[in-house]
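No value in this document is a laboratory result; all are computed from the given coordinates. Note that the structure is predicted; figures quoted are calculated from it, not measured. Cβ atoms come from the backbone with ideal geometry, glycine included; neighbour counts cover every protein chain shown.
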Amino acid sequence: MGKLNNKIAVVTGAAMGNGEGIARTFAKYGAHVVLLDMSERVFEVKQQLESQGYAATAYQVDVTNFTEIKQCIDQAIQDFGKIDVLVNNAGVIRLASFLDMSDDTRDFQFDVNIKGVWNVTKAVLPNMVENKYGKIVNMSSVTGTMVADEGETAYATTKAAILGFTKALAREVARYNITVNAICPGYILTPMAEQIAKESNATNPNAVVDGIASGVPLGRLGRIEEVGELAAFLASDESSYITGTHVVIDGGSTLPETVSVGVTS
Ligand SMILES: NC(=O)c1ccc[n+]([C@@H]2O[C@H](COP(=O)([O-])OP(=O)(O)OC[C@H]3O[C@@H](n4cnc5c(N)ncnc54)[C@H](O)[C@@H]3O)[C@@H](O)[C@H]2O)c1
């Protein structure tokens, strides 16, 4: 018996990266995963999961399009009778200094990272309220909530917004036995992290990844399966008394206070 047996779990941005790791982990724990992603790779992930004997459904859909999202969610509810878990994971990043960032680039990140979370939650929540049960997990970040690097004003704004959304929604829906929590990852090795490395140093992105790893007390970037395990805990009844908060998963990257003070044993 898995901790997510008989649960219907919607995961956005499930075609790669953290969303794929979350979907695979949920499937391992017995959930029927409903994968949403704008990339057609979402169908590959579904097929791979099915070939391993897991239950998965896939929709190629853009989280910024509420009409399409609602159609997919309504279809899933019709097919499976309920939605127990929603992981709002789909997200994008575009690096540019504040003065150089166009409004289009800003809005692109705001639309996917904030309105996308809003849209999917709006489509799923009525069913959770009706069932008096639900677990919502929102993907925030240490970026914007604890730390930031140059070029991240828009992205950091969106990730901080997700914490506000998480708390306010948790307060409203607690009476329906629905929990809402956020995950704040540090660097996880995903296509997004690889994209950041390329944008930071096009000729030697590996040096950027190595540089990130060297600043992490645990000495490496995180793995998507590690994010999946945390999401599975927050999506399961093991976390039944946890709501309106966030969990950092960063290998200790936000721990160092300085690079020059300290003794080694
Ligand atoms: N990788 C990291 O180091 C890291 C750190 C902190 C937070 N996060 C967060 O984790 C989440 C996933 O990041 P990742 O690193 O796996 O990214 P990724 O780019 O590797 O994967 C993101 C997935 O989301 C999908 N997606 C993007 N826009 C979409 C849209 N409009 N509609 C539907 N699907 C869409 C993409 O197709 C892709 O499959 C994001 O919210 C990101 O902000 C990542």
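Below are the figures for this structure:
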{"item": "Alpha-carbon centroid distance for the pair region 179-212 / region 1-54, whole angstrom", "result": "22 Å"}
{"item": "Backbone N under 11 Å from the ILE242 label point (7 Å along Cα→Cβ), restricted to region 159-199", "result": "181-184"}
{"item": "In degrees, nearest ten, helix 66-80 long axis to first principal axis of the chain (Cα)", "result": "50 degrees"}
{"item": "Distant alpha-carbon pairs in the chain (separation over 31 angstrom), percent", "result": "23 percent"}
{"item": "Evaluated at q = 0.12 Å⁻¹: base-10 log I(q)/I(0), Debye formula over Cα of region 1-72", "result": "-0.27"}
{"item": "Cleavage-rule hits, GluC sites (Glu not before Pro), region 88-153, DSSP coil, Cβ neighbours within 10 Å at most 14", "result": "GLU150"}
{"item": "Potential extension, SER265-SER39 segment - 0.36 nm per residue separation minus Cα distance", "result": "76.5 nm"}
{"item": "Proximal aspartates and glutamates relative to LYS135, as straight alpha-carbon distance under 13 Å, when same-chain residues fewer than 8 apart are discounted", "result": "ASP84, ASP237, GLU238"}
{"item": "Between helix 153-173 and the chain: long-axis angle, C-alpha atoms, 0 to 90°, nearest 10", "result": "40 degrees"}
{"item": "In degrees, nearest ten, helix 41-51 long axis to first principal axis of the chain (Cα)", "result": "60 degrees"}
{"item": "Theoretical gain in end-to-end length, LEU255 to PHE108 [0.36 nm per residue, Cα-Cα removed]", "result": "49.8 nm"}
{"item": "The chain, helix-only ellipticity at 222 nm - DSSP H runs n ≥ 4, -39,500 (n - 2.57), divided by all residues, nearest 500", "result": "-13500 deg cm²/dmol"}
{"item": "Ordering of 75-86, 222-233, 22-33, 43-54 by packing [mean C-beta count within 10 Å, highest first]", "result": "22-33, 222-233, 75-86, 43-54"}
{"item": "Mean-position separation - Cα centroids, region 111-160 and region 220-237, in angstrom", "result": "16 Å"}
